[in-house]
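K.L.:
One structure coming up, written as structure tokens, with questions to follow.
The values are calculated or read from the model by the stated rules, or taken from the named source; none is laboratory data. Nothing here was measured: the structure is a model prediction, and the numbers come from that model. Cβ sites come from the backbone with ideal geometry, for glycine too, and all protein chains shown count toward neighbours. Only protein heavy atoms, including side chains, enter the accessible area calculation; ligands, DNA and RNA are left aside. Shrake-Rupley method; radii C 1.70, N 1.55, O 1.52, S 1.80 Å.
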Amino acid sequence: MPIEQRPLLKVLHYLGMVLLMAAFVIPFLWMISTSLKSYAETVIFPPKWIPSKIMWSNFTAAWESGPFLKYFMNSVVVSISILLLQFTTIILAAYAFARYRFKGGNLLFGITMVTLMIPGQLIFLPVYLLMSKWGLLNTLFALILPFSSSAFGIFMLRQSFKQVQEELIEAARLDEAPEWKIILKIMVPMARPTLVTFALFSFIAHWNDYFWPLVMTTTDAARTLPIGISKLREVDGGAAWHILMAGNMILVIPILIVFSLAQRHIIKAFVYSGVK
Amino acid sequence: MTLWSRLRPYVMVAPSIAIFSIFFIYPIFYMIYLSFFNWDFINPVKEFVGLDNFTELFRNNEFLQVLSNTLNYTLLTVSLSIVISLFLAIWLNREGTWYGIVQGALFSPHIISLVSVSLVWMWLMDPQFGLLNWLLQLVGLPKLEWLSSPDSSLLSLVLVAVWKGVGYNALIFIAGLQSIPKDMYEASALDEANRLRTFYKITLPMLSPTLFFLIIINLISSFQVFETIAIMTKGGPVNSTNTLVFYIYEYGFRYFKIGYASAAGVVLLVVVGLLTLVYFKLLSRKVHYQ
């Protein structure tokens, strides 16, 4: 498209890009700026962008206002456990769905596809009742178990497993390689891009999740970082924006770092999940 | 065939199917069952009330307002988000470092926790000291109440949702645009068709599968909005931002009206179910194409 040939359009085009960037970068800059201010500087109007004194103490104040080490460790344990369990369950199931024909296989795959479309927001109430019956509320099990397999993961991985060349598997079978060896030595390496994609997708989703831990926990024992950060609103009557934004930074920075390192990969992961 | 080789596929899918059945499929039926009872969660006896919970729901003005809030929120969010992201996709679908950076910035809210997004926007929208009101004043416009007034609260939440969602939608659109064969455009350039015509005659029809998918995915997710409401407004002021999932949450966990909350859950189930049916219809057609 010949933007370059028309000076007015060219100016508008770049001006638009700058404004667009601003709309997405300024909220983050505002968060960073606020997190380094003193309380007094958060309540002046018009606002100041650069704090006159950098208040690193906001971060310790946020971290010490609750059991944040506990929240942080819970978040780590939950996201990592979910990922490891999912890897085990989805590799097995995807292999069976991709490579075996068995009675009822279509029905079972149908159940998987239906699950793909059931959001947590729909079933939290009955699942809460189940968890309470089993005494699992306020434990990490309530946060991990329902997500220890992934319909989305099975769907994605089944596609990649299907694309592995038949000859490779036949050759391995002629060598009398056991099935588990075929899975680990042929299928998993061939599907590596899909597995990386899925891992990024799953980790980010569960690290960020607020809804499920909110519903399943009422004590700090099993609360995760997003719940802890959202509770900072209640510190000092709720208007302590400098502390809130400092806490928010603790939640956002790890994800932003991962994103800047693996931006291409992450974008591909999410776009793929939408397109397929 | 040995017994083991016949059993093997079932053993391999068993863990996943068990998890799906226990935590996703069974709860749907349990919720439908509960919607016919009066139960406070503590009393060991559930009282069967037939369809009373449903009639109570639709006679309750609060619930009707919740439904209309949810609908308004969903339609506004989805239409704005789709139109803006389609525009951005066509604009930014170019090679070059800067376009990559802008696309990355646009996408970044999508991978950030809704907790963070909500807190940052609450602060941006603070009526007294927030940045948005300062920007409004800078260009000579009056300050707004944002989340604190029932007139603007729902729109403020729509703004946040659009901000969070456009980057993702735009990237999916870009992926769709890039799959349109280049020679189609070359043919239309020969015909000297103008840009608007090219858009209606080529881009839009070729993009329609992507467009429908995005509309449905966005409808389903907007209809279940919860996080921004729980964090930013708690349904207020005066119920202006109370939406379906938040309503279910409140009736289940604050008022312990399990049957009533389940009935509201069944309403959500019907809506999501219908949208999902349409989605699967499109999905099967799309798979057929490939």
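K.L.:
For the range A:3-60, which whole-number percentage of the solvent-accessible area (1.4 Å probe, protein heavy atoms only) is attributable to carbon and sulfur atoms? The partial results should precede the final answer.
P.N.:
Working: 2700 of 3500 Å².
On the range A:3-60, the fraction of accessible area on carbon and sulfur atoms equals 77 percent.
K.L.:
Can you give me the accessible area per residue for the protein assembly as shown, using a 1.4 Å probe, in Å²? List each step's numbers first, then the result.
P.N.:
On the way: 26850 Å² over 566 residues.
For the protein assembly as shown, the solvent-accessible area averages 47 Å² per residue.
K.L.:
Measure off, as a whole percent, the carbon and sulfur share of the 1.4 Å-probe accessible area of the range B:1-121, all protein chains present. Mind dumping the intermediate values first?
P.N.:
Values: 4180 of 5950 Å².
Whole-percent figure for carbon plus sulfur exposure: 70.
K.L.:
Quote the total accessible area buried by chains A and B together, excluding ligands, DNA and RNA, probe 1.4 Å, nearest 100 Å². Each step should come with its number before you reach the end.
P.N.:
On the way: alone 17130 and 18070 Å², together 26850 Å².
Using a 1.4 Å probe, the pair buries roughly 8300 Å².
K.L.:
Estimate the FRET efficiency between B:L7 and A:A23 by the formula 1/(1 + (r/R0)^6), using the beta-carbon distance for r and 56 Å for R0, to the nearest 0.05. Intermediate values should be presented prior to the final figure.
P.N.:
Values: r = 57 Å, r/R0 = 1.02.
Between B:L7 and A:A23 the formula returns 0.45.
K.L.:
Check each residue of the range A:216-258 and keep those whose accessible area, probe 1.4 Å, is at least 40 Å² smaller with all protein chains in place than in the chain alone; give them in order of residue number.
P.N.:
At a threshold of 40 Å² (probe 1.4 Å), the residues of the range A:216-258 that become less exposed are A:R233, A:W241, A:N248.
K.L.:
So, one more: Shielding by partners for A:191-201, please: the mean number of other protein chain Cβ atoms within 10 Å of each residue's Cβ. Working shown, then result.
P.N.:
Working: counts 0, 0, 0, 0, 0, 0, 0, 0, 0, 1, 1.
Counting Cβ atoms of other protein chains within 10 Å of each residue's Cβ and averaging gives 0.
K.L.:
Kindly write out, for the range B:96-106 in residue order, the coupling ³J(HN,Hα) from the Karplus curve 6.51 cos²θ - 1.76 cosθ + 1.60 (θ = phi - 60°), rounded to whole Hz, with x marking Gly and Pro.
P.N.:
Result, rounded to whole Hz: x, 4, 5, 5, x, 5, 5, 4, x, 4, 4.
K.L.:
Here's a follow-up. Under a 5 Å amide H to amide H cut-off, with H placed in plane at 1.01 Å, what residues pair with B:F37 once short-range neighbours are removed?
P.N.:
Those qualifying (amide H under 5 Å, at least 5 residues apart or on another chain) are B:V49.
K.L.:
Here's another thing I want to ask about it. What distance in nm separates the two pseudo spin-label positions at B:S208 and A:K185, each 7 Å out from Cα along the beta-carbon direction?
P.N.:
Using points 7 Å along Cα→Cβ, the separation is 5.1 nm.
K.L.:
Can I ask one more? Using label points projected 7 Å from each Cα along Cα→Cβ, tell me how many nm separate A:K162 and B:R59, to one decimal.
P.N.:
Result for the modelled spin labels: 5.2 nm.
K.L.:
List, in order, the whole-Hz ³J(HN,Hα) value for each residue of the range A:175-190 obtained from phi through the Karplus relation with A = 6.51, B = -1.76, C = 1.60 and θ = phi - 60°; use x for Gly and Pro.
P.N.:
Along the range A:175-190, the couplings run 6, 6, 6, x, 4, 4, 6, 4, 4, 6, 9, 10, 5, 4, x, 5 Hz.
K.L.:
Residue by residue through the range A:94-111, what is 3J(HN,Hα) from phi via Karplus (6.51 cos²θ - 1.76 cosθ + 1.60, θ = phi - 60°)? Round to whole Hz and write x for glycine and proline.
P.N.:
5, 5, 4, 5, 7, 10, 10, 9, 9, 4, x, x, 5, 4, 5, 5, x, 4
K.L.:
Given 0.36 nm per residue, what is the gain on full extension from A:V43 to A:H265 after removing their alpha carbon distance, in nm?
P.N.:
Working: separation 222, 0.36 × 222 = 79.92 nm, distance 4.04 nm.
Difference between extended and current length: 75.9 nm.
K.L.:
Scan the range A:95-143 for chymotrypsin sites (Phe, Trp or Tyr not before Pro) in coil per DSSP, keeping those whose Cβ has at most 12 other Cβ atoms within 10 Å, and list them by number. Could the numbers behind the result be given before it?
P.N.:
Values: sites: A:Y95, A:F97, A:Y100, A:F102, A:F109, A:F124, A:Y128, A:W134, A:F141; in loops: A:Y100, A:F102, A:W134.
Listed in order of number, the matching sites are A:W134.
K.L.:
Need one number: nm distance between label points at A:R173 and B:A18, each 7 Å from Cα along Cα→Cβ, rounded to one decimal.
P.N.:
Modelled inter-label distance: 2.8 nm.
K.L.:
Hey, got a sec? Which GluC sites (Glu not before Pro) in the range B:46-112 land in a DSSP loop and have at most 13 other Cβ atoms within 10 Å?
P.N.:
On the way: sites: B:E47, B:E56, B:E62, B:E95; in loops: B:E95.
Those satisfying the criteria are B:E95.
K.L.:
Taking accessible area as the heavy-atom solvent-accessible surface of the protein chains with a 1.4 Å probe, which residues of the range A:23-41 lose no less than 40 Å² upon going from the isolated chain to the full protein assembly?
P.N.:
A:F24, A:P27, A:F28, A:W30
K.L.:
Compare the peptides A:152-163, B:25-36 by average per-residue count of other Cβ atoms within 10 angstrom and give them in order, highest first. Show your work: numbers first, answer last.
P.N.:
On the way: A:152-163: 20.3, B:25-36: 18.3.
Result, highest mean first: A:152-163, B:25-36.
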